[in-house]
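Here the structure is laid out as structure tokens; the discussion comes afterwards.
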Amino acid sequence: MSARPNTEAAAQQAENNAPHRAGFACFVGRPNAGKSTLTNALVGQKVAITSNRPQTTRHTVRGIVHRPDAQLILVDTPGLHKPRTLLGERLNDVVRTTWAEVDVIGFCLPADQKLGPGDKFIIKELAGIKKTPKIAIITKTDLVESKALAEQLLAVSRLGEELGFEWAEIIPVSAVKDQQVGLLADLIAPLLPESPPLYPEGDLTDEPEMVMVAELIREAALEGVRDELPHSIAVVVEEMLPREDRPADKPLLDIHANVYIERPSQKGIIIGPKGQRLKDVGTKSRKHIEALLGTPVYLDLHVKVAKDWQRDPKQLRKLGF
Ligand SMILES: Nc1nc2c(ncn2[C@@H]2O[C@H](COP(=O)(O)OP(=O)(O)OP(=O)(O)O)[C@@H](O)[C@H]2O)c(=O)[nH]1
Ligand SMILES: [Mg+2]
């Protein structure tokens, strides 16, 4: 898949000999606000996994948008939330470090949910970062009528005023319906510093392949699990090796990955009756992995217990947090 087509505005700006810009914009917001889906829509390819479970994203993911006039490096962050575990605290720390470092902050607020205490908490913190332009992005506009959308726009604008700052822009988007996604890029670009491109043409992310593979497996594993289980799942790719003795035109990549859960009682749910669930996770994620790597894959999945890993500093380190 190629990068997103350039918009007219971008082409025109390039023609006018405006200086090239490049820089970082991060998306922040509550869990499930649509940050990763928006990142993928802007990049034009899946660089971050998404799910309808909150706290899907667990590390910053960079997605790169190449335009003639600018290179936008989007930094998707974990949803900011009230932490209940050490993992939660670590994720929030990651968000705070990120927004202190970027050139533009995009605050994501879903159109279909009332602006609540969680959002206010985040916006209050953002108000303290004076030097960085902030864009309010109302996501998932396809889910509401225009009246509700207008109210949401007003609510977010007022809250900015109350906290003593002005949004650089307020923009409604639908990543799923591809509405106003290009316009959002048009609004971010002029807020970036003058700079040559920071990433080579064609790079859409700087995620290591092993991490992306692990994430695709986790995305498939998240589907259909409920309650606390989504939070308990972690995936680590142990090894990716080309199978020996294969003819050059029939390569096969062996991938060994561990799916970690927190308690022995969760094992049965992940594996499913007669192993069917784990098999489905393997089949589904293998398709995405093969598309990503462009090679046939043999995927070997094992389920392991890492007792209470979300609360255990040693386990967290082992799992890469
Ligand atoms: N209808 C609709 N659904 C959307 C849109 N954007 C995201 N979603 C859905 O909202 C859910 C959450 O999306 P994510 O992109 O994973 O949200 P997130 O903010 O990255 O969540 P965390 O990583 O947990 O912080 C998913 O089920 C998406 O399909 C949109 O524009 N329209
Ligand atoms: Mg996310």
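Is segment 98-110 home to any residue that is under 22 Å from GLN315 (Cβ atoms) and either in contact (Cβ under 8 Å) with a residue 60 or more places away in the chain or assigned to a helix (DSSP H, G or I) (or both)? Within segment 98-110 (the criterion being under 22 Å from GLN315 (Cβ atoms) and either in contact (Cβ under 8 Å) with a residue 60 or more places away in the chain or assigned to a helix (DSSP H, G or I) (or both)), the answer is no, since none of the residues qualifies.
Of the residues in segment 58-81, at least one is assigned to a strand (DSSP E or B), in contact with a Cys (Cβ under 7 Å, 6 or more places away or on another chain) and either under 25 Å from LYS177 (Cβ atoms) or more than 9 Å from ligand 2 (Cβ to nearest atom) (or both). Among the residues of segment 138-183, the ones that are closer than 18 Å to ILE123 by Cβ, among the polar types (S, T, N, Q) and not in a helix (DSSP H, G or I) come to 1 in all.
Give segment 204-222 a look and list any residue that's part of a loop (DSSP other than H, G, I, E, B) and surrounded by 15 or more Cβ atoms within 10 Å (Cβ to Cβ), or say none. Reasoning before the result, please.
Step one: list which residues in segment 204-222 are part of a loop (DSSP other than H, G, I, E, B), which gives 204, 206-208.
The answer is LEU204, GLU207.
Elements of the type helices (runs of 4 or more DSSP H) sitting completely within segment 226-321 and holding at least 3 residues that are surrounded by 11 or more Cβ atoms within 10 Å (Cβ to Cβ) and within 24 Å of the chain's Cα centre (by Cα): these cover 229-232, 276-293, 313-318. Any residue at all in segment 36-51 that's within 11 Å of the chain's Cα centre (by Cα), farther than 20 Å from ALA291 by Cβ, outside the structural domain of HIS288 (by TED's automatic domain parsing) and in a loop (DSSP other than H, G, I, E, B)? No. Every listed requirement among (1) within 13 Å of ligand 1 (Cβ to nearest atom); (2) farther than 24 Å from GLU209 by Cα is met by LYS134 save one, (1).
Count of segment 59-83 residues, restricted to those that are under 9 Å from the mean Cα position of the chain (by Cα) and surrounded by 22 or more Cβ atoms within 10 Å (Cβ to Cβ), is 6. Considering segment 155-184, the residues that are touching a Leu at 6+ places or on another chain (Cβ under 7 Å) and farther than 10 Å from ALA41 by Cβ include one that is surrounded by the most Cβ atoms within 10 Å (Cβ to Cβ), namely PRO172.
GLN266 meets the conditions (1) within 22 Å of GLN315 (Cα to Cα); (2) in contact with a Lys or Arg (Cβ under 9 Å, 6 or more places away or on another chain) in every case but one. The failed one is (2). Among the candidates ALA41, ALA111, the residue that is small (Gly, Ala, Ser), within 16 Å of ligand 2 (Cβ to nearest atom), at pLDDT 95 or above and out of contact with any Gly (no Cβ under 6 Å at 6 or more places or on another chain) is uniquely ALA41.
Among the residues of segment 184-195, is there at least one that is in contact (Cβ under 8 Å) with a residue 40 or more places away in the chain, among the acidic types (Asp, Glu), within 30 Å of PRO133 (Cα to Cα) and not in a helix (DSSP H, G or I)?
Let us first name the residues in segment 184-195 that are in contact (Cβ under 8 Å) with a residue 40 or more places away in the chain, namely 184-195.
Narrowing further to those that are among the acidic types (Asp, Glu): 186, 194.
Then drop every residue that is not within 30 Å of PRO133 (Cα to Cα), which leaves 186, 194.
From what is left, the residues that are not in a helix (DSSP H, G or I) are 194.
Yes - at least one qualifying residue is present in segment 184-195.
The values are calculated or read from the model by the stated rules, or taken from the named source; none is laboratory data. Fair warning: this is a prediction, and the values are worked out from it, not measured in the lab. Cβ sites come from the backbone with ideal geometry, for glycine too, and all protein chains shown count toward neighbours.
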